[in-house]
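Take a look at the structure below.
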Amino acid sequence: MEASRLYSTKRVQSLKPTKKIPLEEDPTKASDALPLSLHLTNAVFFTLFFSVVYFLLSRWREKIRTSTPLHVVTFSEIIAILAFFASFIYLLGFFGIDFVQSLVFRPSPDVWIAEDEEEENEVLLAKEDARKVPCGQALDCLLPPLPPAAPIVTAQKVFDEKPVTVTTEEDEEIIKSVVAGTTPSYSLESKLGDCKRAAAIRREALQRLTGKSLSGLPLDGFDYESILGQCCEMPVGYVQIPVGIAGPLLVNGREYSVPMATTEGCLVASTNRGCKAIHLSGGATSVLLKDGMTRAPCVRFGTAKRAADLKLYLEDPDNFETLSVVFNRSSRFGRLQGIKCAIAGKNLYIRFTCSTGDAMGMNMVSKGVQNVLDFLQTDFPDMDVIGISGNYCSDKKPAAVNWIEGRGKSVVCEVIIKGDVVRKVLKTSVESLVELNMLKNLTGSAMAGALGGFNAHASNIVAAIYIATGQDPAQNVESSHCITMMEAVNEGKDLHISVTMPSIEVGTVGGGTQLASQSACLNLLGVKGASKETPGANARMLATIVAGAVLAGELSLMSAIAAGQLVKSHMKYNRSSKDVSKGSS
Ligand code: ADP
């Protein structure tokens, strides 16, 4: 807490320097040397000055009238002259002090630069915040008047209000026993029956054990019950990732505000620009081609012949009915769609594909596969199950099988961007984009031996949406497989762009989707939870949105590269010394 306070003080000083800072540090002024208060002293000297001026002028006039030489002065005139000089010097000094103070305490040029930069940042942020729908326009629209700013409640403030304390003697005893290793850290939840307290105690024990502070990692403000047994074990806090909104993304006639959790500057703004181009061109069309999650166990036989026997059995259409009844036993939603086998000698890899409703479906498909393996043991007792996953699935690894056969949702999404929009919004030309796409996304990726990576940065958009909506971010690997195609159409005036993504693995129930923040993002997209009308409709819609957002991201980044804007926009949005090549892919 103390550290965070220190941090915030430093931040205020470094980000908002004002001309007053040096005065606050050293409040002594030259005028403090005066015996009377400044106002009173001023009044005395002003009166004195004007009185003696009046007196001397009247004496001067008198002398001229009586022809008395000017150098003959009386005692009162000498006093008046001295008083004149004294008050004159004071008044000069008075203004001089102010002048000197303004010189002495003028802020250093750095302070002004910092202020200028801050103002510039504010203008930039205001410009971005002032977006109106369609918000893609915010990239180049004029600045409308801002509504009065609402008070900002910072996360830190929320945490400060209700801190978790581990101050009781009992807590202290438990911390000590965790540190000593007598109480296993993982058992805290079940032992205490209070997930938050368990996290606080584990955190304190961890800090003592490692001697490292976790003060930057928030503990409060999170529902630890909600992750118990399904999302994360042994929690000690949570990481904050900002969520930005790109959109509205117009796909299949509906507008979506797309939440993107990212710390990469430029990404949301860029996707937003793509959304604007799509919107101005009448919207994108996203088509779901396939929907089936896969799991492929590896089984082994004594001979390749026996492995082949099982392959033939499993792929025989006459056996499908029986196998699907067995497979479907464990879930209302998991429905076997097909089986594809690959043999490697005596080993057989059996790729089961099934629909999974609104769930991403890994658990569902695994349960169905286990049912079938148990069932097969009767007819194939010599079958040795090596593992329920034999990597032919293929989960969380780049693999041609997903690229070719698909996994999860296979989607193609397209739009025709008008030539005008390409020029005015994307600041490039149809010709340049088509050429760049051919040389970069197709030829360049082929030269690199890419597997499903025929795109500019699909994974950027996929990862950001996955994190925001509670998907499994590790599945970004295959979910980002994407080929981006571009072609000049309508006599070369307009641009046809499409993204084809064969393995988008998403769900709207299960896993991280039920957590409060992630669920809020799904709700924003209108795909929260299970679809009441058609099981699976929400997850399928989410996949079409992901493809639409990738389309927007591809459009914008490719345009930035074609127009040579990439480095410039990174400098604008990432105003740091960050490696700008990182976001470009
Ligand atoms: P996954 O298979 O993606 O890992 P889970 O194992 O959590 O996800 O499965 C999803 C759970 O949600 C299952 O228990 C399933 O019965 C339930 N469920 C409720 N409604 C639906 C739905 N519309 N589609 C899929 N699953 C649903």
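Quick look at the numbers
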item	result
The stretch 415-488 - percent of accessible surface contributed by carbon and sulfur, probe 1.4 Å	62
Calculated FRET value between residue 210 and residue 344, using beta carbons and R₀ = 41 Å, to 0.05	0.35
Cβ crowding within 10 Å averaged over residues, with 333-343, 547-557, 306-316, 265-275 ranked highest first	547-557, 265-275, 333-343, 306-316
Rg over Rh [alpha-carbon atoms, Kirkwood Rh] for the stretch 169-227	0.95
³J(HN,Hα) computed for each position of the stretch 334-347 - Karplus, 6.51 cos²θ - 1.76 cosθ + 1.60, integer Hz, glycine/proline x	x, 10, 4, 10, x, 9, 10, 10, 9, 9, 10, x, 7, 9
The stretch 429-572 - Kirkwood radius from inverse mean 1/r over Cα pairs (Å)	16.3
Top positive-direction residue, dipole computed over the stretch 297-392 with Cβ charges, set 388, 337, 301	388
Gain in span if fully extended, residue 489 to residue 179, counting 0.36 nm per residue against the direct Cα distance	104.8 nm
Greater than 30 Å apart at Cα, pairs in 196/367; 191/528; 311/409; 396/418; 305/367	196/367; 191/528; 396/418
Residue 168 paired with residue 78, simple spin-label distance in nm, labels 7 Å along Cα-to-beta-carbon	9.2
Amide hydrogen neighbours beyond the local backbone of residue 390, cut-off 5 Å, H modeled	296, 298
Residues of the stretch 297-392: accessible area per residue with a 1.4 Å probe, Å²	47
For q = 0.14, 0.25 Å⁻¹, Debye-computed log10 I/I(0) when each Cα of the stretch 297-392 counts as one equal scatterer	-0.46, -1.40
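The values are calculated or read from the model by the stated rules, or taken from the named source; none is laboratory data. In this text the structure is predicted, and so the values were computed from the model without any measurement. As a convention, Cβ positions derive from the backbone with ideal geometry for all residues, glycine included, and neighbour counts pool all protein chains shown. Accessible surface is based on the protein model in full, side chains and every heavy atom, while ligands, DNA and RNA are left aside. Shrake-Rupley method; radii C 1.70, N 1.55, O 1.52, S 1.80 Å.
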